[in-house]
Amino acid sequence: MLREELLRQFKASGLSQRRFESKLGLKEWSLRGLLDENMKQVPSLDKAQEVAEALGLEFYIGPKRAAFSEHELVAEDLEYVKVDRFEVQLSAGPGSTPNGDAEKLSPVAFRAQWMAERRLKPATCSVVAVRGDSMEPGLSDGDLVLLDRGERPFVNSRVYGLVDIDGEIRVKRVEKVGGGQILLRSDNPTFETEVRGPEDARHVKIIGRVVWSAHPWEVS
């Protein structure tokens, strides 16, 4: 694989061997034998790593890989990862009570680089839908959202998916205030802020923070 890619890039460059080596930042004659199709020279591990890095390739021996497991891969080159999607609706309104285990739907693909830049791991994220209009204009009825369920510090006034008192599943802007109270705010000004006193606040469970949303558009 390494030698084939080396030859491919060398031929595509149209350069002499010495100029090609210089372009890759390699020492003169460091590719001697590797660019000769009639020779079957096998590079040492150190040489293979040096050439791979010069070509912009990952040097991998195996078997342990990066943080993404095999079932999360969409493409072999790790360009995309899959995040599980569940038949759960986060109510942006009066609440939605779950009925047993949520059904798993087809996963949603995200760019691995986008996830990594935000320190998001597919195994601790979920995609669910929003029901209701209390979080408009940011979130509308039917929108899909990505919930980060990872261990992160709570941030006041961010939008979270949560299990409210009596087991209702909600999506609200959550704010912790003095005295152990929690405020559940809606972005839609027609909805009043809900207050959970110290006793009720202990029964509010944060599922995860909303870190992405997708809004479906009607096609006429």
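Under 12 Å from the mean Cα position of the chain (by Cα), within 26 Å of H203 (Cβ to Cβ) and open to solvent by less than 70 Å² (accessible area, probe 1.4 Å): does that describe S126?
Answer is yes for this residue.
Can G208 be described as open to solvent by less than 60 Å² (accessible area, probe 1.4 Å), closer than 25 Å to R119 by Cβ and in contact with a helix residue (DSSP H, G or I) (Cβ under 9 Å, 6 or more places away or on another chain)?
Considered against the rule, which asks whether it is open to solvent by less than 60 Å² (accessible area, probe 1.4 Å), closer than 25 Å to R119 by Cβ and in contact with a helix residue (DSSP H, G or I) (Cβ under 9 Å, 6 or more places away or on another chain), G208 comes out as yes.
Given the structure, is P137 modelled with pLDDT of 90 or more, in contact with a helix residue (DSSP H, G or I) (Cβ under 7 Å, 6 or more places away or on another chain) and at negative phi?
In short, no.
Taking R158 and the conditions (1) under 27 Å from P107 (Cβ atoms); (2) out of contact with any Lys or Arg (no Cβ under 6 Å at 6 or more places or on another chain); (3) open to solvent by 50 Å² or more (accessible area, probe 1.4 Å), which numbered condition does it fall short on, given that it satisfies the others?
(2)
Among what's in the stretch 129-149 and is farther than 15 Å from L162 by Cβ and part of a strand (DSSP E or B), pick the residue that is least open to solvent (accessible area, probe 1.4 Å).
This residue is L146.
Report yes if some residue within the stretch 123-141 is among the small types (G, A, S) and without any contact (Cβ under 8 Å) to a residue 40 or more places away in the chain; otherwise report no.
Within the stretch 123-141 (the criterion being among the small types (G, A, S) and without any contact (Cβ under 8 Å) to a residue 40 or more places away in the chain), the answer is no, since none of the residues qualifies.
With respect to the numbered conditions (1) touching a helix residue (DSSP H, G or I) at 6+ places or on another chain (Cβ under 8 Å); (2) modelled with pLDDT under 95; (3) farther than 30 Å from E79 by Cβ, which one is the sole condition not fulfilled by R196?
Failing condition for R196: (2).
Only one residue in I182, I169, I165 is β-branched (V, I, T) and surrounded by fewer than 19 Cβ atoms within 10 Å (Cβ to Cβ), so which one is that?
Only one candidate qualifies: I165.
The values are calculated or read from the model by the stated rules, or taken from the named source; none is laboratory data. Please read all numbers here as calculations on a predicted model, not as lab measurements. Here the Cβ is made from the backbone with ideal geometry for all residues, glycine too, and neighbour counts use every protein chain on show. Side chains included, ligands, DNA and RNA excluded: accessible areas come from the protein's heavy atoms. Shrake-Rupley method; radii C 1.70, N 1.55, O 1.52, S 1.80 Å.
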